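Some notes on the structure that comes next.
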Amino acid sequence: MSLNRLKLTVAAIAVSAAIGGAWALGQSPVAAATPVAPPPTPVVAPLAAPVPAGYPDMRSIVASNGPAVVNISVSGNRKTAANVPGMPQIDPDDPFFQFFRHFRGMVPQDSAPVRGLGSGFIVSPDGTVLTNAHVVADADEVIVKLNDKREFKARILGMDPASDVAVLKIDGKNLPTVRIGSAKASQVGEWVLAIGSPYGFESSASAGIISAKSRSLPDGSYVPFLQTDVAVNPGNSGGPLFNMRGEVIGINSQIYSRSGGYQGLSFAIPIEVAMNVERQIVAHGKVERGRLGVAIQEVDQALADSFGLARPAGALVSSVDKDGPAGRAGLEAGDVILGIDGQAVEISGELPSIIAAKRPGETVRLQVWRNKAARDITVKVGAFQDDKVAAAEPAKADKGRLGVAVRALTPEERRQSGIAGGLLVEQAGGAAARAGIRPGDVILSINGEAVNDTEQLRQLIGKSGKKVALLIERGKARLFVPVELG
């Protein structure tokens, strides 16, 4: 399965309507009496169907907010491979494009016109519109169409790819606007409503519930997404997500799908993140956000036991940029960040958005768990940047409870990888294999203590309890792996 960003396409959809014939009633052979004109039927206004008990009435939300939800159409040019005899036509984003570029010479570049559709919503009466950055990326022209069929040519005030938020401006006065709510105040299980233009069908509404909060996605985004089961499809990108008070709490942005269409998992950018971007772009034309310079992961029960935490909570630091703000402040891999300025961090997905909301240069106080004790570390927040031979020692097997054969890195391996120490796993079995350790991994530390030779590895494993947390480097990523020892 893969996590696909909502891609905007223009689909030609044929809608056929069946026309049914009317049946005629036959005349009776018996002569009818002289007809008497029936009394006139009083005209009664139709009554709205009652909403079943236990279900929210969303009709007023659609009626009051629909005029502020807009359809966005874009046009522009996208780079493609030129039509060369014997060369397949390949999009530059396709993985095979790099194959042909490297192994068949440089692929000539050409451009092809592209069009796309998306959604958005008006947040100010003078025409400020929010949508997704990926909706208007590479667009030469952006047209905003209102619910009343008026159309405006929009200017892109700014885009923030890191949050996938874009701010547009149309020339209008006294335009309808949405009301801004709070994603933070929302709760899992509450009803939500999306309005947008799936597949170009304007002003379409769909409903569901919030399935999870502060969801981190594999794309590395710092955004703590709202997960819902609202039916969101291509064309819904950039549209608003409403709570039952008729307030916008998110921008529909991504789906999880095998087919490219809705399959039960939708993700929305919290409105607090989007409005922070909007304020900065309108005021300064750009977005600044804070940065610590760490990689983090979730703390599960096994890792909590390994680090001596009372319960799974916080953000586990798996690597630290030694030249970054956290590195300069003394933060280390294996630290668990439990809070920032007294604000608790329950899950790792909360940390990036809290730090991103800080201004570069601002000082924060981190509540950190290290070596089974709590401490405070003061960090000066940095600025987020959106985009950074000798014979090998024979591998020695760990005859104890871990079950790995490891060796020290050669000087050349250390130079190429940038790793000062650690042990390269050449064979994995037993407890290590069951935990997912595999050949090629580099073991950097055990329970937060750096390991550089096999004897030290044996000693650390020997004095460990039933569970240990190994910090490993795999490829270019670092992560902690909890291991239940034999």
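General remarks:
- For the range 308-367: accessible area per residue (Å², 1.4 Å): 39
- Surface composition of the range 176-232: carbon and sulfur atoms hold 53% of the protein heavy-atom accessible area at a 1.4 Å probe.
- Calculated from backbone phi, Karplus (6.51, -1.76, 1.60) coupling profile of the range 464-472 in Hz, x at Gly/Pro: 7, x, 6, 10, 9, 10, 9, 8, 10
- Inter-label distance, residue 288 to residue 153: 3.4 nm, where each label sits 7 Å from its Cα along the C-beta direction.
- Other-chain or far-sequence residues with amide H under 5 Å of residue 265's (modelled H): 256
- Simple label model, 7 Å out from Cα along Cβ direction - residue 383 to residue 244, nm: 4.6
- Karplus-derived 3J(HN,Hα), 6.51/-1.76/1.60, for each residue of the range 190-207, Hz, glycine and proline x: 7, 6, 9, 9, 10, 10, x, 10, x, 6, x, 7, 5, 6, 8, 10, 9, 10
- Nearest-0.05 FRET efficiency for residue 438 and residue 466, computed from C-beta distance (R0 22 Å): 0.50
- Extension gain, residue 126 back to residue 140 (0.36 nm per residue minus Cα-Cα distance, nm): 2.8 nm
- Relative to one another, the C-alpha centroids of the range 272-348 and the range 168-242 are positioned 25 Å apart.
- The label-point distance for residue 484 and residue 191, in a model that sets each label 7 Å from Cα toward Cβ, rounds to 4.3 nm.
- In this structure, the amide hydrogen of residue 319, modeled 1.01 Å from its nitrogen in the peptide plane, lies closer than 5 angstrom to those of 295, counting only residues at least 5 positions away or on a different chain.
- Average accessible surface for the range 220-292: 31 Å² per residue, computed with a 1.4 Å probe over protein heavy atoms with every protein chain in place.
- In the range 251-398, the portion of solvent-accessible area held by carbon and sulfur atoms comes to 49 percent [1.4 Å probe, whole percent, DNA, RNA and ligands not counted].
- Amide H contacts under 5 Å for residue 348: 299, restricted to partners 5 or more places along the chain or on a different chain, H placed in the peptide plane at 1.01 Å from N.
- For the range 428-486: relative contact order, % (alpha-carbon pairs under 8 angstrom, 6 or more apart): 38
- Whole-Hz Karplus values for the range 410-421 come out as 6, x, 5, 5, 5, 5, 5, 8, x, 9, 6, x Hz, taken residue by residue from phi with 6.51 cos²θ - 1.76 cosθ + 1.60 and θ = phi - 60°; glycine and proline positions read x.
The values are calculated or read from the model by the stated rules, or taken from the named source; none is laboratory data. Just so it is clear, the structure is predicted and the values come from calculations on it, not from any experiment. Ideal geometry is used to build each Cβ from the backbone, glycine not excepted, and the neighbour counts take in all protein chains shown. Areas reflect the complete protein model, heavy atoms only, side chains present, ligands, DNA and RNA absent. Shrake-Rupley method; radii C 1.70, N 1.55, O 1.52, S 1.80 Å.
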